[in-house]
Amino acid sequence: MRVPLLAGNWKMHKTVSEAVDLVKALLDGVGAPTDREVLVCPPYTALLAVQPLLEGKPIGLGAQDVFHEVQGAYTGAISPVMLRDIGCTYVIVGHSERRQYFGDDDAAVNRKLHSALAHGLRPIMCVGESKPQRDAGEAESVVVSQIHGGLAEVTAAQMNDVVIAYEPIWAIGTGDTATPDDAQAMHAAIRNVLTELFGDTVSSQVRIQYGGSVKPDNVDDLMAQPDIDGALVGGASLKAEQFLRIVHFQ
Ligand code: PGA
């Protein structure tokens with residue numbers, strides 16, 4: 001059984017005090033979920049401040065990106081060892097904004113993913129097509145190639161710790177969600193690729209989140225799809241009430 005993972009990607013939002021306030025509000029409302037997993041990914045600058053609040057609580061801590069090297073002369077970079085050191089258990093890799101603004105290609109995503117796994121972090125690897133690619137009928141081939149590139153040299157055993165997030169770029173921050181049917185179709189295609197690469201047992205266990213304008217009013221329909229195993233939430237994760245409603249999807 002795949003345990004749905006509801007994750008908030010706060011992106012470049014929240015000062016330390018705002019992050020602490022949001023985490024406190026989330027803890028107040030999250031309850032004691034047993035059939036789902038909840039995660040927040042604040043900016044680097046707030047991780048250390050919120051970590052003690054989350055200790056022993058039903059909300060996990062993740063980072064939004066990581067560099068693949070462990071230490072060295074890499075100005076501005078943060079290593080997986082540093083993230084583990086401050087209590088992160090997950091890290092997002094390959095988000096489309098990293099691909100677009102910071103030049104992360106599939107090879108870089110693959111290096112980050114391997115480094116995360118090697119240092120005890122669970123990677124959430126994002127894939128997704130642009131609007132022109134979808135309009136040209138290339139959505140599936142783009143996503144399949146990102147899966148192949150990002151998961152190169154990953155073993156079946158390592159896949160236990162990998163989460164995939166399908167995030168169509170045209171749906172991110174636009175209010176324009178993929179329909180539940182379109183999202184399900186892509187999730188099923190991704191699971192087929194995972195079956196080809198790693199076999200049935202592994203592919204049936206890997207969680208595939210949907211991301212892109214997930215909101216309180218569409219989360220239930222998305223989560224009702226058989227191959228959608230959670231949500232990676234941007235905008236709606238910045239408001240406690242909205243994120244809690246998403247966490248408590250029916
Ligand atoms: P959004 O962002 O929910 O604001 O569309 C999702 C994401 O980029 O992870």
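The values are calculated or read from the model by the stated rules, or taken from the named source; none is laboratory data. What you see is a predicted model, and the numbers here were worked out from it, not measured in a lab. When we count neighbours, we look across all protein chains shown, and the Cβ atoms used for this are built from the backbone with ideal geometry, even at glycine. The area values use the complete protein model at the heavy-atom level, side chains included, leaving out ligands, DNA and RNA. Shrake-Rupley method; radii C 1.70, N 1.55, O 1.52, S 1.80 Å.
Points worth noting:
- Peptides 113-122, 161-170, ordered by how many other C-beta atoms sit within 10 Å of their residues on average, highest first, read 161-170, 113-122.
- The range 182-250 and the range 1-46 have Cα centres spaced 16 Å apart.
- All C-alpha pair distances within the range 112-164, sorted into 5 Å bins from zero, spread as 4, 20, 27, 18, 12, 10, 7, 1 percent across the bins.
- Accessible area in the full protein assembly, largest first, 1.4 Å probe, for Ser145, Ser237: Ser145, Ser237
- For a modelled paramagnetic label at Thr34, 7 Å from Cα along Cα-to-Cβ, the residues of the range 1-22 in reach, with backbone nitrogen under 19 Å, are 1-6.
- The packing ranking, built from the mean of other Cβ atoms within 10 Å per residue, places the peptides 99-105, 192-198, 87-93 in the order 87-93, 192-198, 99-105, highest first.
- Computed over protein heavy atoms with a 1.4 Å probe, the carbon and sulfur contribution to the accessible area of the chain reaches 52%.
- Highest mean first, the peptides 29-41, 224-236 sorted by other C-beta atoms within 10 Å per residue fall in the order 224-236, 29-41.
- Solvent-accessible surface of the range 5-247, taken per residue with a 1.4 Å probe and all protein chains present: 43 Å².
- Ratio of Rg to Rh over the chain (Cα coordinates, Kirkwood Rh, two decimals): 0.93
- Surface/4 of the Cα convex hull for the range 1-139, nm²: 10.1
- Taking a straight line from the alpha carbon of Lys14, these lysines sit under 22 Å away, with near neighbours fewer than eight places off in the same chain left out: Lys24, Lys57, Lys215, Lys239.
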